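Okay, so here's the structure we're looking at.
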Amino acid sequence: MNGLGMDGPGTNPGGMTGRAGWHRWANIPTLGWLTAVAVLALAHRAVPDPAWLLVHLTLLGAVTNAIVVYSWHFSEALLRLPVPSRRPLAVRLVLLNLGAAAAMAGVVLPAWPLTVGGAAAVGVASAWHGTAILARARRALPSRFASTVRYYLASCAMLPFGAAAGAALAAIDDGAQGEWHARILVAHESLNVLGWVGLTVLGTLVTLLPTMLRTRADDAAEPTSRRALWLLLAGVLVATAGALVDAQWLTAAGIAAYLAGVLVSSGPLARTVARKAPVHFAPLSAVASVLWLVVALVWLLALCTTEPDWMALHDALGELTPVLAAGFAAQVLLGALAYLLPVVLGGGPTMVRARTAALDRGAWFRVILANGAILLYVLPVPSAVRVAAAAVGLIALCAFLWLVAKALWGRAPTKETPVASTAGQEARSRYGSGALGLALLIVAVVVGAAFDPSALILAQGSGSAASTASVTPTGHTTTVTVTMTGMHFSPASVTVPAGEHLLVHLHNLDPTPHDLTLANGKASPRVAPGTTADFDAGIITASVDGWCSVVGHKQMGMTFRIDAGTTPAASAPPFTPYPAALPPAVPGTVHRITLTVQDTARAVAPGVVQELWTYNGTSPGPILHGHVGDTFEITLVNHAPMGHSIDFHAGSVAPDGPMSTIAPGKTGTYTFTATAPGIWLYHCSTMPMSLHIANGMFGAVVIDPPDAPPVAEQFVLIQSELYYGQPTDGQPGMAAGSADPAKIAAEKPDAVVFNGYADQYQQAPLKAKAGEPVRIWVLDAGPDRPTSFHVVGGQFTAVWAEGTFRLAPGTGASQAMDLAPGQGGYVDLTFPEAGHYPFVTHYMVDAEHGAQGTFDITAGTQ
């Protein structure tokens, strides 16, 4: 076929099966990796770093296998030597696939030594493959298209170094992403994508594209190919050297040389296409792949000459690499397989024609779907449109795999000669197929836009899309750590100067996976419980909202915001948990305590700072501890700009004087004697009382019950609600004024918390020992929400509330203690074994809004 010298079916000297049998097995890994791409595209949210994995399943898995199989196949045909034993080639393929699987598994797990070992295996397999081709070439007679074999030798020399760069990336990736990482990534992609894949494809198309078109090659194809090889090879080496020696201009020069080589080598191919226009799937895909390669190279050259530093280039490659993988490499692979599989599997002219026709079904439909999806990925469309486009692109891949399965394992065609279609019928069929593909793309855009209102930004010319052009990259990188805990991001917002490059280090402390998805379409990998991941948010050009995309998590409070400002990255004040351990009772029977009222800005939830009204600067105020019969003399000093008061439920006195409002700058005294045990609320009684309590003016007095059994540890948990006010410092979502009276009146809290801060004991678990009794004092400060306190995995052996045992020690077990606002009590329990025991209010909506925590129980007495 056009001088390719394809051998017929038979048995080769090595005792292996003939060509058809060999290729039936040799192509299974390629098709298997493509199937893995389709499966991962459907289930990508359940896998860490799915974008990286999709690219490597395509390039390192499917494309690399096909290169090894078919570079050997074409070398045999072009060099016109006797067919040798294929056993060494089979061993190389096994080594290659084991290495590829290990390298990818090492990144996903993560286990960088596994990735390094896998990369070494891939490098050895490619070096061995190049050496074997060279040994064959040295024994061959001159051939018209021997230059193609030189392309294979050059590409085989690239992959071992590209694999080594990939191993280096894996070894330094854990927490060390920076400029050096970015430069190695550029070298890695230059060697692997432009060197290993690009050289092989361009060298093969010299002969394969005319064969697909069933026409002769252009007379200038072979000499032009020889000249272009030097430009291409120089381009790869110069681009790689520029990255390694920290010379971005040199990398740009290398990309320019490579682009020139592509254009030179494509000249004869363009003339061939002009002479015989492609109408079938195989040549259409091949031509489209070269066009995408040119687009990607122009794009890359523009990035190398305009991006201010390597980190900015690193970020841009995240958008460009999928274009190279899907538009160039995957598309030429599918086109080549559509043509080659029927030929190499043989079975006679009837079978070859039947398989070729089968793999050409819906050609224009599939080509338009694939290329339209890639085009939508490149364009600045909303993320939902990209998702819809990816779905229709996946249809094209799945259709190819289905057609391959039917062609290879379907029923053999009959001997009857089908009725030939006229040229007009074939054209109408192509136009109809193409129109159907275009219509499906339009539907994808419409559906995506309908599900993503941010699509309107493109039409309005406002928001982040409109402001991007006016932002100049600073060349600086900001790195922030964001914790995922208790269905919240902590901090929930950061401020980054416009033009800064933002890296987010995500740490998931929750028992369920999370991710961070931004409204501009960027998304982190899914972060498994207890693990970390780095998310490259790119150059920040405008403020953007984010959220966890797991179903229901956004609605439960997992929202995030990046504010583009002019100040360095800012977040909530450092998190310090409120001490939940019950403080010891002060000796003596008279306790003289001063409580100072002051306005204090404090963190109340991840990323939220509330302007609180406080006793002694904290909310809750200090926990007071005493015994029945103790007298408390409380001096209230008002340093706030408005009047406040105090009401102690632990005392029994006429409220007229002690509970009166104290004017700013004034002092008042409240004296009471503790006559009954319990956990008693104190709070500001100035009207509106709900607002003063909601804004932090409450605390607890614990009076020990004389008959309570002894315990090893005692904790105090005070449940209350938060009603975020309006921002006061120009950082939306970052700081809030005093509590919002309208939300309080509507009974719509933003968060429900223990001890004043949402989910704080998820981040800082309370510690105790297994086998030792623990007492938990619980108080509901309100102002409005009741509680049903429960410890997951624990059973209460005593429940005491509002002056009496609901469950006396030794009489049974209880699962929850319910309290209305203003009520309190305690529960006793003994944790049976070491582990983590969550505690919640069993009003689950409130638990999911912050009223939850964890006991960290270590081994103790049994």
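Residues checked against (1) in contact with a Lys or Arg (Cβ under 7 Å, 6 or more places away or on another chain); (2) surrounded by 17 or more Cβ atoms within 10 Å (Cβ to Cβ); (3) closer than 22 Å to T594 by Cα:
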| position | (1), (2), (3) |
| --- | --- |
| A640 | no, yes, yes |
| D656 | no, no, yes |
| M659 | no, yes, yes |
| C684 | no, yes, yes |
| M687 | no, no, no |
| F715 | no, yes, no |
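One line per residue, one yes/no per condition, for (1) modelled with pLDDT under 95; (2) among the aliphatic types (A, V, I, L, M); (3) under 21 Å from I679 (Cβ atoms); (4) surrounded by 20 or more Cβ atoms within 10 Å (Cβ to Cβ):
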residue	(1), (2), (3), (4)
P773	no, no, yes, no
A781	no, yes, yes, yes
A798	no, yes, yes, yes
Q815	no, no, yes, no
V827	no, yes, yes, yes
P832	yes, no, no, no
V845	yes, yes, no, no
Q852	yes, no, yes, yes
D856	yes, no, no, no
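Here is a yes/no grid of residues against (1) more than 38 Å from the chain's Cα centre (by Cα); (2) touching a residue at least 40 places away in the same chain (Cβ under 8 Å); (3) under 30 Å from F839 (Cβ atoms):
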position: F648; (1), (2), (3): yes, yes, yes
position: A654; (1), (2), (3): yes, no, no
position: F672; (1), (2), (3): yes, yes, no
position: G678; (1), (2), (3): yes, yes, yes
position: P706; (1), (2), (3): yes, yes, yes
position: P709; (1), (2), (3): yes, yes, yes
position: A712; (1), (2), (3): yes, yes, yes
position: D750; (1), (2), (3): no, yes, yes
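For segment 304-341, the set of residues classified as among the β-branched types (V, I, T) and either over 21 Å from T207 (Cβ atoms) or within 24 Å of the chain's Cα centre (by Cα) (or both) consists of T305, T306, T321, V323, listed by residue number. R80: out of contact with any strand residue (DSSP E or B) (no Cβ under 6 Å at 6 or more places or on another chain), touching a residue at least 60 places away in the same chain (Cβ under 8 Å), under 19 Å from A121 (Cβ atoms) and surrounded by fewer than 21 Cβ atoms within 10 Å (Cβ to Cβ), yes or no? Taking the combined requirement at face value, the residue does not satisfy it. Selection within segment 282-328: residues that are aromatic (F, W, Y) and within 29 Å of T356 (Cβ to Cβ). The member of this set that is surrounded by the fewest Cβ atoms within 10 Å (Cβ to Cβ) is W292. Set side by side, the residues V367, V381, V385, V404 differ, and just one is assigned to a helix (DSSP H, G or I), under 17 Å from A523 (Cα atoms) and in contact (Cβ under 8 Å) with a residue 60 or more places away in the chain, which is V385. Does segment 589-598 contain any residue that is hydroxyl-bearing (S, T, Y), crowded, with 16+ Cβ neighbours inside 10 Å, part of a loop (DSSP other than H, G, I, E, B) and in contact with a strand residue (DSSP E or B) (Cβ under 7 Å, 6 or more places away or on another chain)? So far as segment 589-598 goes, no, none of its residues is hydroxyl-bearing (S, T, Y), crowded, with 16+ Cβ neighbours inside 10 Å, part of a loop (DSSP other than H, G, I, E, B) and in contact with a strand residue (DSSP E or B) (Cβ under 7 Å, 6 or more places away or on another chain). Consider V149 carefully, then state whether it is within 31 Å of the chain's Cα centre (by Cα) and either among the hydroxyl-bearing types (S, T, Y) or part of a helix (DSSP H, G or I) (or both). Spelling it out, it is not the case that V149 is within 31 Å of the chain's Cα centre (by Cα) and either among the hydroxyl-bearing types (S, T, Y) or part of a helix (DSSP H, G or I) (or both). Per the listing L313, L301, L375, the residue uniquely in contact with a Cys (Cβ under 8 Å, 6 or more places away or on another chain) and in a helix (DSSP H, G or I) is L313. If the condition is being among the β-branched types (V, I, T) and either surrounded by 21 or more Cβ atoms within 10 Å (Cβ to Cβ) or modelled with pLDDT of 90 or more (or both), then segment 126-180 contributes T131, I133, T148, V149. In the condition set (1) touching a Gly at 6+ places or on another chain (Cβ under 7 Å); (2) buried (at least 19 other Cβ atoms within 10 Å of the Cβ), V116 is compliant with all but (1).
Entry remark, segment 220-240: residues being in contact with a helix residue (DSSP H, G or I) (Cβ under 6 Å, 6 or more places away or on another chain) and under 18 Å from E189 (Cα atoms) number 9 in total.
The values are calculated or read from the model by the stated rules, or taken from the named source; none is laboratory data. Since the structure is predicted, the reported quantities are computational estimates derived from the model, not experimental observations. Ideal geometry is used to build each Cβ from the backbone, glycine not excepted, and the neighbour counts take in all protein chains shown.
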